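Asker: Can you read through this structure? Questions will come right after.
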Amino acid sequence: MPYHPSAEAQKLIDRLVGDGSAEQPWAGKPLPKHVAIIMDGNGRWAGDRGLPRIEGHREGIQSVRAVAQACRKLEIPYLTLYAFSTENWKRPRTEIAALMKLLRDFLKEEIPEMLENRIRLDSIGNIKKLPLYVQHQLSKTSRATKAGDMMQLTLALSYGSRDEITQAVKKIARKTVQGKIKESQITQELVSEHLFTAGMPDPDLMIRSSGELRVSNYLLWQIAYAEIHVTPVLWPDFRDIHFYQAILDYMGRDRRFGKVRSK
Ligand code: FPP
């Protein structure tokens, strides 16, 4: 189902890009309902300034705030951020520890902002692998913001798509052996329902910062038909304007889902 901008969001889009010309590739085009982001380039941003890598992550949190606000203003209901991958556990222990503390502080400090903007916090990934103090804050923030009905901000934490799909296959296999489901009932919808993202629409748009042309084990099943927007901007420099640019890029695309163009 195409997701069209509300009158308020349309006004914002027109204000951002309207130049009075007849060329308005975004006019009448749907907005993405779900945007997924690979936040990359924190280390390079810090390195360019002679700073420790963690300073890049710290500044990256300002980008997270800016993007969540921009997404909320456009009334896009789902935003999913790749904050920590299964592969990231191989980083130096000091970097992991500092990242976890930043994450905990973010989760704690953002509650009032999320409540004010009716945003609910959710997470996907192997949450049980995270330090207990992070797990604790994660469930506290999720509980506190549960009623947020305007936007779901999902953090992918200790997340890896192959791992997610493997876990789904195991769950389905177990139910099949137990006789709870028949082989003929294993459909694409059933697989989706066994992923961490069960109940969420698939991303329509995937954004990657820092110019790398990879999907890095992120939402591999779910991005089957997503549009991809790659920007050279490093994540700590990424702000609302870059988010809006990605949205306009998306709105200018012709999505055919394998079919021919409709007249
Ligand atoms: C990739 O940059 C970024 C990460 C592995 C972590 C992302 C984390 C944040 C933006 C901060 C915490 C997030 C939240 C939601 C509070 P990189 O370190 O791989 O950069 P590089 O490729 O330049 O080395």
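No lab work stands behind these numbers, since they all come straight from the coordinates. It should be emphasised that the depicted structure is a prediction, and the values quoted were computed from it without experimental measurement. Cβ sites come from the backbone with ideal geometry, for glycine too, and all protein chains shown count toward neighbours.
Asker: For the chain, what does the relative contact order come out to in percent, with C-alpha contacts under 8 Å and a separation of six or more? Each step should come with its number before you reach the end.
Answerer: On the way: 388 pairs, mean separation 69.0, N = 263.
With pairs under 8 Å counted, the relative contact order is 26 percent.
Asker: Also, I was wondering about something else. Taking amide hydrogens as modeled 1.01 Å from N in the peptide plane, which residues meet the under 5 Å criterion relative to GLU227, leaving out close sequence neighbours?
Answerer: For GLU227, whose amide H was placed from the backbone, the distant partners under 5 Å are LEU205, MET206.
Asker: Around SER210, which amide H atoms from residues at least 5 apart in sequence, or from another chain, sit under 5 Å from its own amide H, with H modelled in the peptide plane?
Answerer: Those qualifying (amide H under 5 Å, at least 5 residues apart or on another chain) are THR231, VAL233, LEU234, TRP235.
Asker: Here is a further query. Please state the charge dipole magnitude for the chain, taken about the Cα centre, from unit charges on C-beta atoms (+1 on K and R, -1 on D and E), reported in debye and rounded to the nearest 20.
Answerer: Working: 40 positive and 31 negative charges, 201 e Å.
So the magnitude is around 960 debye.
Asker: In sequence order, what are the phi-derived ³J(HN,Hα) couplings for the range 207-221 according to the Karplus relation 6.51 cos²θ - 1.76 cosθ + 1.60 with θ = phi - 60°, rounded to whole Hz, with x for glycine and proline?
Answerer: The phi angles translate into 10, 10, 8, 6, x, 6, 9, 9, 9, 6, 6, 10, 6, 4, 5 Hz.
Asker: Relative contact order of the range 79-162: what whole-number percent is it, with Cα pairs under 8 angstrom and at least 6 residues apart? Let's see the in-between values first.
Answerer: Details: 119 pairs, mean separation 42.2, N = 84.
It comes to 50 percent, rounded to a whole number.
Asker: Return the long-range amide H neighbours of THR86 (sequence gap of 5 or more, or a different chain), with a cut-off of under 5 Å between placed amide H atoms.
Answerer: Long-range HN contacts for THR86: TYR159, GLY160.
Asker: Further, regarding this structure: Mind sorting VAL67, VAL17, VAL233, VAL134 by how few other Cβ atoms lie within 10 Å of their own Cβ, fewest first?
Answerer: Numbers: VAL67 24, VAL17 15, VAL233 18, VAL134 21.
With the sparsest Cβ surroundings first, the list reads VAL17, VAL233, VAL134, VAL67.
Asker: Could you pull out the pairs from LYS29/LYS170; LYS33/LYS90; LYS146/LYS182; LYS90/LYS146; LYS129/LYS170; LYS33/LYS259 whose alpha carbons sit more than 28 Å apart here? Show your work: numbers first, answer last.
Answerer: Values: LYS29/LYS170 40 Å; LYS33/LYS90 33 Å; LYS146/LYS182 35 Å; LYS90/LYS146 32 Å; LYS129/LYS170 19 Å; LYS33/LYS259 21 Å.
The pairs that break the limit, which is 28 Å between Cα atoms, are LYS29/LYS170; LYS33/LYS90; LYS146/LYS182; LYS90/LYS146.
Asker: Got the relative contact order for the range 108-249 handy, in percent, Cα pairs under 8 Å and 6 or more residues apart?
Answerer: Details: 155 pairs, mean separation 28.9, N = 142.
For the range 108-249, the relative contact order is 20 percent.
Asker: Name the residue from MET100, ILE61, ALA7 whose Cα lies farthest towards the positive end of the charge dipole of the range 1-125, charges +1 on Cβ of Lys and Arg and -1 on Cβ of Asp and Glu.
Answerer: MET100
Asker: Would the range 130-263 count as rounded, prolate or oblate if I go by the C-alpha gyration tensor, calling it rounded below 1.5 in a/c and otherwise prolate when a/b exceeds b/c, oblate otherwise? Write down the numbers at each step before the final one.
Answerer: Numbers: a/c = 1.97, a/b = 1.23, b/c = 1.60.
It comes out oblate by the Cα gyration axes.
Asker: Let me ask something additional. Please list, in order along the range 107-121, the HN-Hα scalar couplings obtained from phi with the Karplus expression 6.51 cos²θ - 1.76 cosθ + 1.60 (θ = phi - 60°), rounded to whole Hz, x for Gly and Pro.
Answerer: 4, 6, 6, 7, 4, x, 4, 5, 5, 4, 9, 6, 9, 9, 9
Asker: Now, a different point. How many nm separate the modelled label positions at ALA224 and TYR133, each set 7 Å beyond the Cα in the direction of the Cβ?
Answerer: With each label point 7 Å from Cα toward Cβ, the separation is 4.3 nm.
Asker: To make sure I understand, if each residue's beta carbon is the centre and we count other beta carbons within 10 Å, what order do TYR244, TYR78, TYR225 fall in, fewest to most? Provide the component values of the computation, followed by the final result.
Answerer: Working: TYR244 17, TYR78 21, TYR225 12.
By the 10 Å Cβ count, ascending, the order reads TYR225, TYR244, TYR78.
Asker: Related question: Sort the range 201-259 into rounded, prolate or oblate with this rule: let a ≥ b ≥ c be the square roots of the eigenvalues of the Cα gyration tensor; rounded if a/c is under 1.5, and if a/c is not under 1.5, prolate when a/b is larger than b/c, oblate otherwise.
Answerer: Details: a/c = 2.24, a/b = 1.35, b/c = 1.65.
Verdict is oblate for the range 201-259.
Asker: Please rank TRP26, TRP235, TRP89, fewest neighbouring Cβ atoms within 10 Å first, as an exposure proxy. Don't skip to the end; give the middle numbers.
Answerer: Working: TRP26 21, TRP235 27, TRP89 13.
Placing the least packed residue first, the sequence is TRP89, TRP26, TRP235.
Asker: Would you mind classifying the chain by shape? Square roots of the alpha carbon gyration tensor eigenvalues, ordered a ≥ b ≥ c; an a/c under 1.5 is rounded, otherwise it is prolate if a/b is larger than b/c and oblate if not.
Answerer: Working: a/c = 1.57, a/b = 1.08, b/c = 1.46.
Oblate is the answer for the chain, as a/c is 1.5 or above yet b/c matches or exceeds a/b.
Asker: Which one of LEU121, PRO32, HIS194 is farthest out on the positive end of the charge dipole of the chain, using unit charges on Cβ (Lys, Arg +1; Asp, Glu -1) and the Cα centre as origin?
Answerer: Sorting the options by dipole projection puts first HIS194.
Asker: Suppose every K and R has +1 on its Cβ and every D and E has -1 on its Cβ; what is the size of the dipole of the range 1-123 about the Cα centre, in Debye to the nearest 20?
Answerer: Numbers: 19 positive and 17 negative charges, 78 e Å.
The dipole magnitude comes to about 380 debye.
Asker: Roughly speaking, what is the stretch gain from MET1 to ASP14, that is 0.36 nm per residue apart minus the C-alpha to C-alpha distance, in nm to one decimal?
Answerer: Values: separation 13, 0.36 × 13 = 4.68 nm, distance 2.28 nm.
Answer, rounded to one decimal: 2.4 nm.
Asker: Also, quick follow-up: Quick check for me: using +1 on Lys/Arg Cβ and -1 on Asp/Glu Cβ, what's the dipole size of the range 60-112 about its Cα centre, in debye to the nearest 20? Provide the component values of the computation, followed by the final result.
Answerer: Numbers: 9 positive and 6 negative charges, 26 e Å.
For the range 60-112, the charge dipole is close to 120 debye.
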